[in-house]
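The values are calculated or read from the model by the stated rules, or taken from the named source; none is laboratory data. All figures in this text were calculated on a predicted structure; none of them were measured in a lab. All Cβ positions, even for glycine, are placed from backbone atoms using ideal geometry, and neighbour counts span all protein chains on display.
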Number of protein chains: 2
Amino acid sequence: MTGSGVRAVVVTVGEELLSGATVDGNAAWLGRALAGLGIPVDHRLTVGDRDDDIVRAVRTSLDRAPVVLVTGGLGPTADDRTRPAVARALGVDLVEDPLLVERLRERLRAAGRGAPTPGLRRLALRPTAGRALPNPAGAAPGLVFDAGSPDAPGRVVLLPGVPREMRALFPAVAQELRAVFGDRLRPVVNRVIHTTGIPESELAPRVDRALADAAAEVEVAFLPDLTGVDLRLTTAVEPPGDEGARERAAARLDGAEAALASVLDGVRFEAASGDLVETVAGLLEGRGWWLATAESCTGGLLAQRWTARAGASRTFRGGVVAYANEVKEGWLGVPAAVLEAQGAVSEAVAVAMATGACQALDAECGVGITGVAGPGGGTPDKPVGTVWIAVSVPGPGGGRRTEAFRGQYPGDREAVRVMAAQAALHRLFRMLAAPSEEAGS
Amino acid sequence: MTGSGVRAVVVTVGEELLSGATVDGNAAWLGRALAGLGIPVDHRLTVGDRDDDIVRAVRTSLDRAPVVLVTGGLGPTADDRTRPAVARALGVDLVEDPLLVERLRERLRAAGRGAPTPGLRRLALRPTAGRALPNPAGAAPGLVFDAGSPDAPGRVVLLPGVPREMRALFPAVAQELRAVFGDRLRPVVNRVIHTTGIPESELAPRVDRALADAAAEVEVAFLPDLTGVDLRLTTAVEPPGDEGARERAAARLDGAEAALASVLDGVRFEAASGDLVETVAGLLEGRGWWLATAESCTGGLLAQRWTARAGASRTFRGGVVAYANEVKEGWLGVPAAVLEAQGAVSEAVAVAMATGACQALDAECGVGITGVAGPGGGTPDKPVGTVWIAVSVPGPGGGRRTEAFRGQYPGDREAVRVMAAQAALHRLFRMLAAPSEEAGS
């Protein structure tokens, strides 16, 4: 056992995990869920569907931590070995539980099927020292095996490998572990702050400076992806039993957030989904405005992202993927002379695309994106990753406010496209959030 | 050690893996790569950035298998513990390698930076018993530590955790392991067959029947996702040393493939990337034809997918995301009366979108997609998941051939959109592959 709190070992079972046919998403999910409960994961183990390996995994894991979560191998077929192997590892017997048999019969009746086969009846087994956890999402119940001693209790918990079922069972697992380990848990609270438009290498030192003296007990993690960097602030709820501990933890997070305010100015956005589209769509909906998009190098990626969210029809008028120059001319009214003189990847064309989309699609707000996504097509003046982006919104006095900028995005075709679409969204966000900031072209 | 062949243990290092901030994709990738090399993974272990845990992981892993691959924790910062911990576990010293120092200096010079800091100089360390593997994609070299004895050799291989770098280094690892373990490897050969338009539940029993007597030594795995089901055929190269073994294995796969021909008719496609867009784009390019898309519920997803591939400008004219009905009318010439009488989700509108896209965008081939992606908007007649799809291509005698069909796709908004776009591509594929199959409307 490491540290003073309770730690856990996560064991995932399945040949398909070892062979790489399946990526182990359960392990990551359990890591987050257990951390939230106050039980950090000590280490993780993945084994195949072999009894001896599962037995060894459970025994060595219990040597290291009092909580062992095992997922996978709980189904009704012969290669589902977890149930008997864990029983063997702990020297516990499995018995058929009449209540579980009855549940199983009900499930089969509801599906219009007959009496359970011997294989299916395995799903009604539970440990003599332990209990079953009803599965709200499937046939295989979770199982809790008692381990350790009254003075030093341990629990080995078996959950199905089907992610949906594993997740549905977790609340019952949390309840069990809280009941057993109560005041030895070290719960933490998190707060996630979304940012975009600033690389981690710039953001991190500023955040670290801002938090240096403000909140010693708040840890910060940086979670970057192509669309931005999430900050995760974490602090412990201590002492766990204390009523006021949770409030004090929240106050510490508030303090850290306040200390970060100036650093985050202009790059922070709030969205439950973590998707900036949610934020911008909310601003548009609040004003009753429509969006239209004109995309070249992003090829519909921005429209696709926008419409991936339910309710997009309340804010999204439509879009044009203007891949060929003739489409830019014919549909968006980009003058052929402009295309000729400045090239398709230019400020003038981006602006013409954004304003052309507004007019052609009868929308208040328009975005135009034209660039070189690569891998080919780069020139010394406009290397791969060069993208011109224009955003047009209603301006003061019934006019328009249109802003354009040139981005230079690193990485492959996919990265350039994702970053360009995000930069366009970010500019639209800032123009909507600060309507009077400056007058446009 | 298990079995007669050589097995491996994969150890991934990083607190972010245990906390679930990152999903461990490296482990799955290495599982596939090692299996292809003839080294199945015995088990997998994930530990945090703590010396003692890494030392223990390496020692217990070597007790089980002669090959241990460790990824992560090779960077230049203080919490990168893998290099010294593995050296400690094996009782091997680390020395600075002049060649590695020179490489590092070159990298820094190329990036316009000065001499390496003490932290960066760690990247120039290599084991006294072992060697460094140059990293073609980053600064941290891979390291091979010799373990075991001349009679029973072992290797502990350290690779960076950055997926791109880990993958770039793997060929050098494969070479090393082949040199050491040669005739003890149990290589297998795979062949992947892509299908679309048939669910796994229909495909699997047909495939199993077709392969029942044809190829006892060929294993088949089904790898489904929202766009289709890949079949992976696997057979062993045995005996590994034998010159003819690889040919015999290939012949077995040929036999299995031949036995599957009738089952796969109309649903199989060939694409190195596994993406049906590659196949269809190839057919269009061969004829010198252009594609135009008109999307409603998929919101640009098909255009986005098409343009995600380099070279899309040779086949893709452009697209319209016709979200609002007015856009369908104004830009695609879908008659208002048709929209009124039949509704936006109807055969007539899909056909008008497909042919309207061809005309408006001056393209030979057009696709129209209109449907109810959900979660709202369903009706008893047209429940969530209802999608009308039309595809129009040049027909015989200078006319057009246009086909439309109604799909009903299960799942959430994302699933409906992905499956509808794929179904449209599949129909276009079949119409291009079998131009004379039937006359269209």
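Residues considered: B:A404, B:A363. Of these, the only one that is at pLDDT 95 or above, more than 14 Å from chain A (Cβ to nearest Cβ) and either surrounded by 20 or more Cβ atoms within 10 Å (Cβ to Cβ) or in a strand (DSSP E or B) (or both) is B:A404. Filtering the range A:34-50 to residues that are in a strand (DSSP E or B) and either more than 7 Å from every other protein chain (Cβ to nearest Cβ) or of a type outside the set (A, V, I, L, M, F, W, C) (or both) leaves A:D42, A:H43, A:R44, A:T46. Listed by first and then second residue, the pairs with beta-carbon distance under 8 Å, at least 6 apart or on different chains, first residue in the range A:137-153 and in the same structural domain as A:G91 (by TED's automatic domain parsing) and within 18 Å of A:R59 (Cα to Cα), second of a type in the set (D, E, K, R) and not in a strand (DSSP E or B), are A:L143/A:R83; A:V144/A:E176. In the set (1) over 27 Å from B:M431 (Cα atoms); (2) part of a loop (DSSP other than H, G, I, E, B), B:A272 fails one condition alone, (1). Consider the range B:51-83 and keep the residues that are within 12 Å of chain A (Cβ to nearest Cβ) and either in contact with a Leu (Cβ under 9 Å, 6 or more places away or on another chain) or free of Cβ contacts under 8 Å to residues at least 40 places away in the same chain (or both). The one that is farthest from B:R7 (Cα to Cα) is B:D52. Within the range B:275-284, being more than 10 Å from B:A312 (Cα to Cα) and among the charged types (D, E, K, R) holds for one residue alone: B:D275. Of the residues in the range B:350-359, none is assigned by TED's automatic domain parsing to the domain that holds B:G299, small (G, A, S) and more than 21 Å from B:V320 (Cα to Cα).
Tell me the residue from A:P335, A:P394 that is more than 11 Å from chain B (Cβ to nearest Cβ) and at pLDDT 90 or above, please. Within the list A:P335, A:P394, the selection yields A:P394.
Okay, residues lined up against (1) assigned to a strand (DSSP E or B); (2) out of contact with any Asp or Glu (no Cβ under 8 Å at 6 or more places or on another chain); (3) within 14 Å of chain B (Cβ to nearest Cβ):
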site	(1), (2), (3)
A:V220	yes, no, yes
A:L223	yes, no, yes
A:D230	yes, yes, yes
A:L233	yes, no, yes
A:E238	no, yes, no
A:E243	no, yes, no
A:A251	no, yes, no
A:A256	no, yes, no
A:S262	no, yes, no
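What's the number of the condition B:A8 fails, among (1) over 25 Å from A:D52 (Cβ atoms); (2) touching a residue at least 60 places away in the same chain (Cβ under 8 Å); (3) within 12 Å of another protein chain (Cβ to nearest Cβ); (4) not basic (K, R)? Failing condition for B:A8: (1).
Would you check which residues across the range A:366-383 are more than 24 Å from A:W290 (Cβ to Cβ), among the β-branched types (V, I, T) and crowded, with 21+ Cβ neighbours inside 10 Å and list them? Within the range A:366-383, A:V372 is the sole residue that qualifies.
Kindly check whether there is at least one residue in the range B:12-29 that is in a strand (DSSP E or B), surrounded by fewer than 18 Cβ atoms within 10 Å (Cβ to Cβ) and either touching a strand residue (DSSP E or B) at 6+ places or on another chain (Cβ under 8 Å) or free of Cβ contacts under 8 Å to residues at least 24 places away in the same chain (or both). Taking every residue of the range B:12-29 in turn, none turns out to be in a strand (DSSP E or B), surrounded by fewer than 18 Cβ atoms within 10 Å (Cβ to Cβ) and either touching a strand residue (DSSP E or B) at 6+ places or on another chain (Cβ under 8 Å) or free of Cβ contacts under 8 Å to residues at least 24 places away in the same chain (or both). Among the residues making up the range A:312-342, those that are among the small types (G, A, S) and exposed (fewer than 15 other Cβ atoms within 10 Å of the Cβ) are A:G333, A:A336, A:A337, A:A341. Just one of the numbered conditions (1) modelled with pLDDT under 95; (2) surrounded by 22 or more Cβ atoms within 10 Å (Cβ to Cβ) is not true of B:A137: (2).
Among the hydrophobic types (A, V, I, L, M, F, W, C) and free of Cβ contacts under 8 Å to residues at least 12 places away in the same chain: is that true of B:A251 in this structure? Judged against the criteria, B:A251 is a match.
Table: residues versus (1) closer than 30 Å to B:C358 by Cα; (2) at the interface with another protein chain (Cβ under 8 Å from one of its Cβ atoms).
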| residue | (1), (2) |
| --- | --- |
| A:G266 | no, no |
| A:A272 | no, no |
| A:V277 | no, no |
| A:G288 | no, no |
| A:G300 | yes, yes |
| A:R309 | yes, no |
| A:V320 | yes, yes |
| A:K328 | yes, no |
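Note on the range B:201-213: residues that are surrounded by fewer than 17 Cβ atoms within 10 Å (Cβ to Cβ) and of a type outside the set (S, T, N, Q) amount to 8. Among the residues making up the range B:103-121, those that are over 34 Å from the mean Cα position of the chain (by Cα) and basic (K, R) are B:R105, B:R109, B:R113, B:R121.
Just one of (1) loosely packed, with under 14 Cβ neighbours inside 10 Å; (2) touching a Leu at 6+ places or on another chain (Cβ under 9 Å); (3) assigned by TED's automatic domain parsing to the domain that holds B:V70 fails for B:E176. It is (1). Condition first: basic (K, R) and touching a Gly at 6+ places or on another chain (Cβ under 6 Å). Can you find one or more residues in the range B:388-403 that meet it? Scanning the range B:388-403 turns up at least one residue that is basic (K, R) and touching a Gly at 6+ places or on another chain (Cβ under 6 Å). Restricting B:A294, B:A312, B:A236 to residues that are in contact with a strand residue (DSSP E or B) (Cβ under 6 Å, 6 or more places away or on another chain) and under 30 Å from A:A363 (Cα atoms) narrows the list to B:A294. Of the helices (runs of 4 or more DSSP H) lying entirely inside the range B:100-211, those containing at least 2 residues that are in contact with a helix residue (DSSP H, G or I) (Cβ under 7 Å, 6 or more places away or on another chain), closer than 30 Å to B:Q408 by Cβ and not charged (D, E, K, R) are B:200-211.
A residue that is surrounded by 14 or more Cβ atoms within 10 Å (Cβ to Cβ) and in contact with a Gly (Cβ under 8 Å, 6 or more places away or on another chain) occurs somewhere in the range A:237-250.
Summed over the range B:271-312, residues that are of a type in the set (S, T, Y) and within 23 Å of the chain's Cα centre (by Cα) total 4.
Say we look at the range A:188-218 and pick out the residues that are under 22 Å from the mean Cα position of the chain (by Cα) and within 14 Å of chain B (Cβ to nearest Cβ); which of these is nearest to A:L253 (Cα to Cα)? Of everything passing the filter in the range A:188-218, A:N190 is nearest to A:L253 (Cα to Cα). Comparison of A:V92, A:V58, A:V70 shows that the only residue that is in a helix (DSSP H, G or I), over 21 Å from B:D52 (Cβ atoms) and β-branched (V, I, T) is A:V58.
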